[in-house]
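**Q** For reference, the structure I am asking about is given below.
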Amino acid sequence: MRPADYDAPLTVAAGAARDYLAGVPDARVAAATYDAQRLRAALDRPLPDGPTDPATVVRDLAADVADGLVAMQSGRYFGWVIGGSLPAAVAADWLVSAWDQNSGMYVIAPGEAVVEEVAGRWLLDLLGLPAHASFGFVTGGQGANTTALAVARHAVLRSVGWDVEADGLQGAPRVRVLVGEERHSTVDRALRLLGFGASTAEVVPADGQGRMDPQALRAVLRATPGTAPTIVVAQAGNVNTGSVDPLRAVGEAAREAGAWLHVDGAIGLWVAASPTLRPLLDGYDLADSWAADAHKLLNVPYDCGLVVTAHPAEHRAALGMTASYLQPAVGGERDQVDYGPEASRRGRGFPVYAALRSLGRSGVADMVEGCCAMARLFGELLAAEPDVEVLCEITLNQVLVRFRDGVDDDAHTRAVVAAVQEDGTCWVSGTTWHGVAAMRISVANWRTDEADVRRSVAAMLRCRDGLR
Ligand SMILES: *Cc1c(COP(=O)(O)O)cnc(C)c1O
């Protein structure tokens with residue numbers, strides 16, 4: 001293999017990527033054509049005994065998997081909470097692979113370390129978080145929640161004289177963990193991974209929108225008085241309704257109890273980038289740590305999450321790593337490895353830097369406000385239908401609706417969701433919200449415009465009519 005060997009596969013990849021992205025706006029947004037058997041038939045060759053020409057490998061890969069690619073970059077993909085990816089971020093991400101920087105430490109990857117440091121500071125500024133805060137670029141919301149709760153675990157146990165990094169949880173003072181009833185399931189998994197166990201968490205009731213009840217939080221905190229180390233996990237942006245916990249009241253209660261407050265803002269922390277929407281997060285500055293997903297509303301390619309803590313020394317104490325063969329930065333440079341659970345990793349700072357620079361402050365605000373505005377438009381257009389009920393207050397980018405046929409509304413709603421998925425104009429997922437079936441619409445893509453929403457609503461109504 002000679003260096004020139006990169007030319008042909010990269011040229012093929014660039015062409016395939018351009019063709020794919022150019023087709024996204026008009027692509028059918030549906031899962032209906034998938035067929036795992038057909039995919040296997042195309043892809044499951046015998047492992048070759050010898051080499052294959054790299055350009056051929058890439059060309060065939062793009063062709064063979066094409067049927068199995070979901071157009072989730074489409075402005076009409078509203079499943080789960082899926083960001084698109086901004087042009088500058090995708091292009092920068094190509095370079096991440098080409099440069100192949102092991103982005104663990106400053107001495108190994110100084111360029112990435114500084115880009116990440118700048119991108120992180122830009123994010124703190126943009127999101128109105130403390131300038132002295134520490135941050136890490138992790139895999140996503142799961143990584144951010146897990147990292148933040150590891151820092152919380154360190155801090156609350158250290159405050160009672162226990163060194164959890166050295167001695168673990170065996171024999172440690174009991175830590176109280178309070179979570180909202182409608183927390184994201186990744187919080188539970190973080191508690192499992194950190195040795196707390198998911199079912200030891202004390203669950204604070206939520207209201208009909210999924211917001212933690214701050215009175216109930218106070219009551220639960222008071223139920224076991226004393227100085228037990230305590231962690232409260234709140235949420236900005238429920239994955240179904242988009243609702244935000246009343247963070248000021250929650251933060252004040254947590255402060256009074258001396259608890260560490262973590263805010264899972266995978267979706268909702270981004271509204272802090274918008275001066276008009278930031279008031280939705282009132283009180284978020286009372287938290288000790290925050291999680292956000294850059295591959296959701298910031299629209300960078302997978303994968304990228306952001307963890308921020310107001311306690312840099314605790315962050316490093318909980319996550320920092322040393323080894324005889326490693327070479328920590330001297331002179332105050334930033335070692336990426338000290339802020340997340342990974343050692344070697346790709347340079348997640350590059351696409352974030354590119355996204356932020358290409359949009360600027362106003363561009364990020366416009367993108368986030370745009371997603372929320374398109375969610376409201378969905379709500380208005382659907383609420384105008386007598387048989388459609390909007391189940392949530394649309395404050396963020398999430399919409400929950402229910403279709404009634406007067407016979408079996410759950411079955412009817414599920415049938416409409418299935419018909420929409422089959423139709424392919426847009427894609428939505430289904431959910432169950434407080435015991436009833438609902439269609440879930442999540443707008444998190446920079447591409448989504450009014451025409452996409454109107455076309456999607458028309459498709460939904462056409463699918464509903466087809467069931468009559
Ligand atoms: C999406 C989401 C997560 C998990 O994020 P991943 O990027 O999938 O790991 C956590 N919390 C909330 C509220 C989310 O919406």
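The values are calculated or read from the model by the stated rules, or taken from the named source; none is laboratory data. Small disclaimer: the values here were computed from a predicted structure and weren't measured. Cβ coordinates were reconstructed from backbone atoms using ideal geometry, including for glycine residues, and neighbour counts include every protein chain displayed. When the accessible area is computed, the model is the full protein with side chains, heavy atoms only, and any ligands, DNA or RNA have been set aside. Shrake-Rupley method; radii C 1.70, N 1.55, O 1.52, S 1.80 Å.
**Q** Looking at the stretch 231-249 only, could you name the residues that are away from the ligand (no atom under 15 Å from the Cβ) and open to solvent by less than 10 Å² (accessible area, probe 1.4 Å)?
**A** Ile231, Val232, listed by residue number.
**Q** Only one of (1) touching a residue at least 12 places away in the same chain (Cβ under 8 Å); (2) over 30 Å from Val90 (Cα atoms); (3) open to solvent by 10 Å² or more (accessible area, probe 1.4 Å) is not met by Gly283, so which one is it?
**A** Every listed condition holds for Gly283 apart from (3).
**Q** For the stretch 457-464, does any single residue satisfy the condition of being in contact with an Asp or Glu (Cβ under 6 Å, 6 or more places away or on another chain), open to solvent by 10 Å² or more (accessible area, probe 1.4 Å) and over 22 Å from Asp293 (Cβ atoms)?
**A** So far as the stretch 457-464 goes, yes, one or more of its residues are in contact with an Asp or Glu (Cβ under 6 Å, 6 or more places away or on another chain), open to solvent by 10 Å² or more (accessible area, probe 1.4 Å) and over 22 Å from Asp293 (Cβ atoms).
**Q** Next question. Report the residue count in the stretch 304-319 for those that are surrounded by 14 or more Cβ atoms within 10 Å (Cβ to Cβ) and more than 16 Å from the ligand (Cβ to nearest atom).
**A** 10
**Q** Let me ask something else. Yes or no: Ala329 under 27 Å from Asp93 (Cβ atoms) and crowded, with 21+ Cβ neighbours inside 10 Å?
**A** No: the conditions fail for Ala329.
**Q** Does the stretch 72-106 hold any residues that are open to solvent by 50 Å² or more (accessible area, probe 1.4 Å), within 20 Å of the chain's Cα centre (by Cα) and aromatic (Phe, Trp, Tyr), and which are they?
**A** The answer is Trp80, and nothing else.
**Q** OK, next. Would you confirm whether any residue within the stretch 135-154 is more than 16 Å from the ligand (Cβ to nearest atom), in contact (Cβ under 8 Å) with a residue 12 or more places away in the chain and part of a loop (DSSP other than H, G, I, E, B)?
**A** Checked against the condition, which is being more than 16 Å from the ligand (Cβ to nearest atom), in contact (Cβ under 8 Å) with a residue 12 or more places away in the chain and part of a loop (DSSP other than H, G, I, E, B), the stretch 135-154 yields no hits at all.
**Q** Hey, another quick one. Tell me the strands (runs of 3 or more DSSP E) entirely within the stretch 345-445 that contain at least 2 residues that are surrounded by fewer than 20 Cβ atoms within 10 Å (Cβ to Cβ) and modelled with pLDDT of 95 or more. Even if it seems obvious, please write down each step before you answer.
**A** Details: elements: 388-390, 398-403, 429-433, 436-442.
Those strands (runs of 3 or more DSSP E) span 388-390, 429-433.
**Q** Further question on the same structure: Just one of Leu127, Leu157 is over 27 Å from Ser344 (Cβ atoms) and either of a type in the set (Ser, Thr, Tyr) or within 16 Å of the ligand (Cβ to nearest atom) (or both); which is it?
**A** Leu127
**Q** Check Leu326, Leu297 and return the single one that is within 16 Å of the ligand (Cβ to nearest atom) and either part of a loop (DSSP other than H, G, I, E, B) or in contact (Cβ under 8 Å) with a residue 60 or more places away in the chain (or both).
**A** None of the other options fit; the residue is Leu297.
**Q** Working only within the stretch 176-194, note down all residues that are touching a helix residue (DSSP H, G or I) at 6+ places or on another chain (Cβ under 8 Å) and more than 14 Å from the ligand (Cβ to nearest atom).
**A** Within the stretch 176-194, Val177, Leu178, Arg192, Leu194 meet the criteria.
**Q** A further question on this structure: Among (1) within 27 Å of the chain's Cα centre (by Cα); (2) among the basic types (Lys, Arg); (3) over 16 Å from Val29 (Cα atoms), where does Arg464 come up short?
**A** Tallying (1) within 27 Å of the chain's Cα centre (by Cα); (2) among the basic types (Lys, Arg); (3) over 16 Å from Val29 (Cα atoms), Arg464 fails exactly one: (1).
Table: residues versus (1) over 25 Å from Arg158 (Cβ atoms); (2) open to solvent by less than 10 Å² (accessible area, probe 1.4 Å).
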| site | (1), (2) |
| --- | --- |
| Val187 | no, yes |
| Glu202 | no, no |
| Gly210 | yes, yes |
| Gln215 | yes, no |
| Trp260 | no, no |
